[in-house]
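Rule-based calculations on the coordinates, nothing more; no lab input. Worth saying up front: this structure is predicted, and the values here are computed from it rather than measured. Virtual Cβ from ideal backbone geometry, glycine too; neighbours counted across all protein chains shown.
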Amino acid sequence: MTSKNSERQDGLRRVVITGAGTINALGHDVPTTMEAFRQGRCGIGPLEFRDVDRLSIQIGAQVHPWKAEDYFNRQQILLYDKFTQFALLAAKQAVAQAGLDFQGALGLRSGVVLGTAGGGLNTWDENYRTVYEEGKNRVHPFVVPKLMNNAAASHVSMEFGLRGPAFTVATACASSNHAMGLAFQMVRSGGAQVMLTGGSEAMLCFGGVKAWEGLRVMSKDACRPFSANRNGMVQGEGAGVFVFEDYEHAHARGADILAEVVGFAMSSDAQDIVMPSAQGAERAITAALHDAGLNPEDVGYINAHGTGTAANDKTECAAVAHAFGHHADRLMISSTKAMHGHIIGGTGAVELLACIMALRDGVIAPTIGYQEADPECGLDVVPNEAREARVDAVLSNAFAFGGLNAVIALRRI
Amino acid sequence: MTDQIRNRIRAIIAEQAMLEPDQITDDATPQDLGIDSLGLVESIFAIEEEFDISIPFNANEPEKSDFDISNMGTIMAAVERLVAQKAA
């Protein structure tokens, strides 16, 4: 493990999390979401939006109740797609918890990097409908600034005056992990003092779900990660945003530290556009441990990618078993997607909350919906009920379509 | 009618597998023809479009769906059933 000194011998800065925010199907904030994790509550239900009757997949983890008017004024709603709204809400919670003010010099040394896969997909959907289905020849002037994938990151930077690095990462289901990993690297290298990071997704609309139906990997009834009778993924929506801060800066101002970010690694399968590779995943896991200076036996919990598809779950278990050797049988690994759904480009961010809960509260979020043991997923998947356990270090896995893998390591502080 | 349906399916599979239609024999499995999971999903989509039918197939549990993909013969029989149901 790295030393407890504020500066590492290699000159790199230590990076800590001092704020967290979220909105997802389980709750509109972090405490509600973590309580749902403890209870093993499922946020998946019947989808409610226009033309849902024309879909063959009619379930998802939608944010309920959701009225943009409760949070934003008319002008803001005209500019903010739902994925931007979610990101802004989560970012405000995170900054409020961190107690940071970015006016002046700090704003110049701070930035934001967010993940999203679909960006303003609801805006695309609504406006395609306007021009194609309704035959109108005019759309609102803000369509482009509303739908662009960097809209959320830009609005977060404007909201808080973050004038340093700001951009968006799109690596499908690993977008948030890639974003958070880059934010970590920027603070660790001294390139930024504070980074807001995480991800956001709002893909639950007719066009968004219709596109996913085509691949035939979605479940019609439930998300059951690692269970032998799993039959596919269930989509969710929402955002998670965190404040990643230079440890010295956080310590000097007496900030409450939620966890330390200690390592990150990414790899590419370079193999198949949809089928995952155990070797690619394993390389990312092993490299993240190495980057963190952790031994396999230091890790007590892994938040799995755990999509509930036949292919992902067995491949991920094989990768973990290989990367951890004998210790794979002692660590806990759970997928929280059965609760909040697969939030695609925002999923790693919401899942990082389960990692923080494990380190800080000593509660491991369960894999709910688990019904039948699968010999190809023979790890301790914390079935159905949360578990109390003290863990010192955790990993969060994300393995995206396109074969892009991103693994983050956190440690208790 | 049935031969015509089978020929149209063979043409679709042949195009997907980059083979000649007469190489699409009844006992050939998708694997035999070099059709991977994505290729299979693409073939099923093309068959749905060709016959204007809806094929129940979930890639996560192919063995549980009513659409038997064991080999080309079972696929063709299943499509024939769906086309007949649509006509009924």
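The mean count of C-beta atoms from other chains within 10 Å of the C-beta of residues in A:206-217, rounded to a whole number, is 2. Report the Stokes-Einstein translational diffusion coefficient (µm² s⁻¹, integer) for the range B:1-40, Rh taken as the Kirkwood radius over Cα pairs, at 20 °C with viscosity 1.002 mPa s. Diffusion coefficient, whole number: 209 µm²/s.
What does the charge add up to near B:Glu15, with Lys and Arg as +1, Asp and Glu as -1, over the other residues with Cβ less than 12 Å from its Cβ? Every neighbour counted, the sum reads -1.
Just so you know, the averaged projected area of the alpha carbon convex hull for chain B sits at 5.1 nm².
One quarter of the surface of the convex hull around the alpha-carbon atoms of the range A:266-318 equals 3.9 nm², the direction-averaged projected area. I'd like the distance between the alpha-carbon centres of the range A:2-74 and the range B:22-67, rounded to an integer number of Å. Each part's Cα centre sits 37 Å from the other's. Rounded to two decimals, the Cα-based Rg/Rh of the range A:40-172, with Kirkwood Rh, is 1.01. Set the Cα radius of gyration of the range A:15-252 against 2.2 N^0.38 Å, with N its number of residues, and you get 1.05. Straight-line cross-link partners of A:Lys314 among the lysines, defined as a Cα under 20 Å from its Cα and at least 8 positions apart when in the same chain: A:Lys337, B:Lys64. Starting from the Kirkwood Rh over alpha-carbon pairs, what translational D in µm² s⁻¹ does the range A:31-82 have by Stokes-Einstein at 4 °C and 1.567 mPa s? In µm²/s, the coefficient rounds to 95. Here's the list of lysines a cross-link from A:Lys146 could span, going by alpha-carbon distance under 23 Å and ignoring same-chain residues fewer than 8 apart: A:Lys67, A:Lys82, A:Lys92, A:Lys136, A:Lys210. Taking every alpha-carbon pair within the range A:263-411, the share separated by more than 24 Å comes to 21 percent. When both the range A:110-142 and the range A:145-196 are represented by their alpha-carbon centers, they are found 21 Å apart. Each residue in A:Ser268, B:Ser37 was given a count of other beta-carbon atoms within 10 angstrom of its own, and listing them fewest first yields A:Ser268, B:Ser37.
Gyration tensor over the Cα atoms of the range A:103-181: the corresponding equivalent ellipsoid has semi-axes (square roots of 5 times the eigenvalues, largest first) of 30, 16, 6 Å. Each Lys and Arg Cβ is given +1 and each Asp and Glu Cβ -1; about its Cα centre, the protein assembly as shown then shows a dipole of about 1840 debye.
Residues in the range B:41-54 carry Karplus couplings, in order, of 4, 5, 5, 4, 4, 5, 5, 4, 5, 4, 9, 6, 10, 10 Hz; the curve used is 6.51 cos²θ - 1.76 cosθ + 1.60 with θ = phi - 60°, and Gly or Pro positions show x. Each peptide in A:70-81, A:332-343 receives the mean, over its residues, of other Cβ atoms within 10 Å, and ordering these scores from highest gives A:332-343, A:70-81.
Fewest neighbouring Cβ atoms within 10 Å first, the residues A:Phe37, A:Phe244, B:Phe51 line up as B:Phe51, A:Phe37, A:Phe244. With Rh defined as the Kirkwood radius, the inverse of the mean 1/r over Cα pairs, the Rg/Rh of chain A is 0.96. Note that the range A:40-55 has calculated 3J(HN,Hα) couplings of x, 7, 9, x, 8, x, x, 6, 10, 6, 4, 6, 4, 5, 8, 9 Hz, one per residue in order, obtained from phi through the Karplus relation 6.51 cos²θ - 1.76 cosθ + 1.60 (θ = phi - 60°); glycine and proline are x. Net charge in the neighbourhood of A:Asn295 (other residues with Cβ under 14 Å of its Cβ; Lys, Arg +1, Asp, Glu -1) is -2.
Hey, got a sec? Which GluC sites (Glu not before Pro) in the range B:4-88 land in a DSSP loop and have at most 10 other Cβ atoms within 10 Å? Passing both the DSSP loop test and the Cβ count: B:Glu63. Average 1/r across all pairs of distinct alpha carbons in the range A:138-227, invert it, and you get the Kirkwood radius: 15.9 Å. Computed over neighbours whose Cβ is under 15 Å from that of A:Gly346, the net charge equals -2, Lys and Arg +1, Asp and Glu -1.
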